[in-house]
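Every read-out reported here was derived from the displayed coordinates using simple, explicitly stated rules and does not represent laboratory data. Worth saying up front: this structure is predicted, and the values here are computed from it rather than measured. FYI the Cβ positions are ideal-geometry reconstructions off the backbone, even for glycines, and counts take in every protein chain you see.
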Amino acid sequence: MDVDRAIALVAAAGIELTDRRRNSADNGWSLSFSNGAELDVRDNGRIAVSGKGRKSVASLLGLAGKSIGSRKPRSSAPSHR
């Protein structure tokens, strides 16, 4: 899915786009919405949804049955596996 289609689908549901910028890797777009959802739309069509409103945005984009990422703060403690 391209970035303009993703924005149109979410905006049609009344969720306002609050920020649109290229991601730090410059391989896609990072979008923020008024419900707290953040959407990463890569140039290759891959999509990742995170943030407070991720479930509703994932549902609008047809991603509800798929794994939805969530951002968790990184701990400064080392990981022991």
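From Asn27, Asn23, grab the single residue that is surrounded by 12 or more Cβ atoms within 10 Å (Cβ to Cβ), touching a Lys or Arg at 6+ places or on another chain (Cβ under 7 Å) and not hydrophobic (A, V, I, L, M, F, W, C).
Matching residue, one of Asn27, Asn23: Asn27.
If a residue has to be touching a strand residue (DSSP E or B) at 6+ places or on another chain (Cβ under 7 Å) and either outside any strand (DSSP E or B) or among the charged types (D, E, K, R) (or both) to count, how many in segment 8-24 make the cut?
9
Enumerate the pairs (first residue in segment 20-49 and free of Cβ contacts under 8 Å to residues at least 12 places away in the same chain and under 16 Å from Asp4 (Cα atoms); second residue anywhere and surrounded by fewer than 13 Cβ atoms within 10 Å (Cβ to Cβ) and not polar (S, T, N, Q)) with beta-carbon separation below 9 Å, excluding pairs fewer than 6 apart on the same chain, so at least 6 apart or on different chains.
Pairs found: Ser30/Asp19; Ser30/Arg21; Ser30/Arg22.
Filter segment 25-34 for residues that are in contact with a strand residue (DSSP E or B) (Cβ under 8 Å, 6 or more places away or on another chain) and not in a strand (DSSP E or B); which is nearest to Val57 (Cα to Cα)?
Restricting to residues being in contact with a strand residue (DSSP E or B) (Cβ under 8 Å, 6 or more places away or on another chain) and not in a strand (DSSP E or B), the top hit is Ser34.
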